[in-house]
Amino acid sequence: MTRLIAFVALCLSALPAFADPAAWATLREGDMRKLVIHDSPRPVDAAPFKAADGGEITLDAYRGQVVVLNFWATWCPPCRKEMPMLDALNRDMGGDDFQVVTVATGRNSPAAMTRFFDEAQIDTLPLHNDPTMAMARGMGVLGLPVTLILDREGQEIARMQGEATWDGDSARALLSAIIEDTR
């Protein structure tokens with residue numbers, strides 16, 4: 001048994017804790033140049049938020065996946081503009097390794113959220129909500145939209161303030177590299 005533990009520890013120590021962010025930065029083109037890639041992972045707030053089903057959830061539910069975490073609001077025009085792109089990204093790349101997670105922060109009625117998703121034909125993104133803004137405040141979200149990229153351990157590795165073309169070639173190449181490098 002101790003040999004097995006030693007072998008597992010050796011294998012885990014050989015894995016990179018954080019891939020080369022400079023290499024990821026070279027993949028940013030167009031509006032993805034606004035994405036700030038951190039030199040090392042940063043912890044995120046563990047505050048619970050409301051899941052689509054009305055229960056509470058935390059980001060721990062997404063551990064093991066690379067996550068694009070988008071803070072948005074129904075009243076925010078740039079948020080509404082990029083939501084179909086986030087949906088397309090999740091439709092094409094979402095799965096066991098990757099997920100787009102959307103969290104409406106502040107005063108967003110569930111009915112208005114559902115109506116917007118229906119009108120915009122958003123069908124792969126969750127209708128999570130942070131009505132008290134506790135999670136958003138804990139993560140330093142000062143305006144909308146804000147999108148964070150989280151590694152498989154749930155730590156922030158990149159952040160973008162403002163809208164972006166999330167279903168474009170640059171975003172897909174960057175996210176594919178992050179997914180691969182963090183396996």
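What to note about this one:
- Gaussian network model of the chain, springs between alpha carbon atoms under 10 Å - residue of Asp96, Asp123, Asp87 with greatest fluctuation: Asp96
- Labels on offer are (i) 0.96; (ii) 1.00; (iii) 1.02, and the one holding Rg/Rh (Cα atoms, Kirkwood Rh) computed from this structure is (ii).
- Taking Ala164, Ala47, Ala23 as the candidate residues, the one with maximal mean-square fluctuation in a Gaussian network model of the chain, Cα springs under 10 Å, is Ala23.
Values quoted throughout were computed directly from the atomic coordinates according to the rules given, and no laboratory measurement underlies them. All figures in this text were calculated on a predicted structure; none of them were measured in a lab.
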